[in-house]
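Only one structure is covered here, and it is reproduced in the block below.
The values are calculated or read from the model by the stated rules, or taken from the named source; none is laboratory data. The shown structure was predicted, so the numbers you read here are calculated from the model rather than taken from an experiment. Glycine also receives a Cβ, built like all others from the backbone with ideal geometry; neighbour counts cover every protein chain displayed.
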Amino acid sequence: MTRIKVLVVDDSAVVRQVVTALLTEDPEIEVIAAAADPILAIARMNVQWPDVIVLDVEMPRMDGITFLKKIMAEHPTPVVICSTLAEAGAKTSIEALAAGAVAIITKPTIGLKQFLIDASDDLVSAVKAAAKANVKRLLPVVAVSKNTADVIMPAADKHSAMIQTTERVVALGTSTGGTQALEVVLTSLPRVCPGIVIVQHMPEKFTAEFANRLNGLCQINVKEAQNNDRVLRGQALIAPGGKHMLLRRTGAQYYVEIMDGPLVNRHRPSVDVLFRSVAKCAGANALGVIMTGMGDDGAAGLLEMRTAGAHTVAQDEESCVVYGMPKEAVRRGGVEKTVTLSAIGREILQQLRM
């Protein structure tokens, strides 16, 4: 069995020791080295290149974000950020994800050793997930019962959505690799485009900063959704971390409902919840897009959207960081068309002509 080769880069000797010990307990993982800063890490990587890097942000001689950007530019490698700054400032985490990090593990400022021991399952899972990610395509959990969208709302029936109207809604669902994929899609859109609702699997407090960053890059308006926000042309609403987002309709107007509720497919927000609500409220007036991500969240909901008359699109394997969610949606029959990441913007604009 070929084990996952991991390099740990952290200026804390305690973190290096504990993380190395926790990872090496798993028979599928081998820690090939632990370095106190990126300069030492580079020297070690010249001898043997890792499959995954576990990386701190605050370090001497070179900070983690600079190191991450350097690695992604020169030799793209899956990186898991493990940093206290993920807690102190979500902006740092968004910057890391935008630069190519696959996952974020938040370290506390106190009780660090015990936290790392308690979070060992999350850390091991993040490393294994990162090892499967194709980060070259980036270039431009706690075990729970796996609920379906039934715990939030019943499935749509053929009478749920109104007949065809001039208002269109685009629903996007994504996970691992989605922060950069969404940037590619949304920055390609002109100011005049259909209203967009998005679920990106992301922890609470991160989505507001993520939305703000995209808003500064895009011609369209991008914001973290709030309860009762209207779905408007030229605007994208991103579901807040830790909350489900549902599409609702009053007359000819669409709006979103933000709500608590159980995890669905181990996620909150869940793509399946959003897609089911779009199937019920918009039907044939909608476009569903499922993008890069691990697992199967959104696959069932996309099939419901297609059954309700919506057009449905999946990101192709070649442009996905992790071809999990789109693959499962294709397997279940929910995908009408598979396109590259760069073509998704054109599919969204096509909705204006239908």
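Counting only residues that are touching a strand residue (DSSP E or B) at 6+ places or on another chain (Cβ under 9 Å), farther than 25 Å from V127 by Cα and not in a loop (DSSP other than H, G, I, E, B), segment 264-303 holds 19 of them.
Look through V256, V313 and report the one residue that is β-branched (V, I, T), farther than 22 Å from V184 by Cα and at pLDDT 95 or above.
Working: V313 fails: farther than 22 Å from V184 by Cα.
So the residue among V256, V313 that is β-branched (V, I, T), farther than 22 Å from V184 by Cα and at pLDDT 95 or above is V256.
Pick from L138, L182, L112, L116: which is among the aliphatic types (A, V, I, L, M), closer than 17 Å to S93 by Cα and at pLDDT below 75?
On the way: L182 fails: at pLDDT below 75; L112 fails: closer than 17 Å to S93 by Cα; L116 fails: closer than 17 Å to S93 by Cα.
Result: L138 is the single residue among L138, L182, L112, L116 that is among the aliphatic types (A, V, I, L, M), closer than 17 Å to S93 by Cα and at pLDDT below 75.
For I81, are the conditions met, namely being modelled with pLDDT of 95 or more, in contact with a strand residue (DSSP E or B) (Cβ under 6 Å, 6 or more places away or on another chain) and closer than 15 Å to A126 by Cβ? No; evaluated as a whole, the condition is false for this residue. Just to be sure I understand, how many residues within segment 340-354 are out of contact with any Ser or Thr (no Cβ under 9 Å at 6 or more places or on another chain) and not in a helix (DSSP H, G or I)? Residues meeting the conditions: 1.
Considering the conditions (1) among the small types (G, A, S); (2) buried (at least 22 other Cβ atoms within 10 Å of the Cβ); (3) under 20 Å from A329 (Cα atoms), G295 is excluded by exactly one of them, (2).
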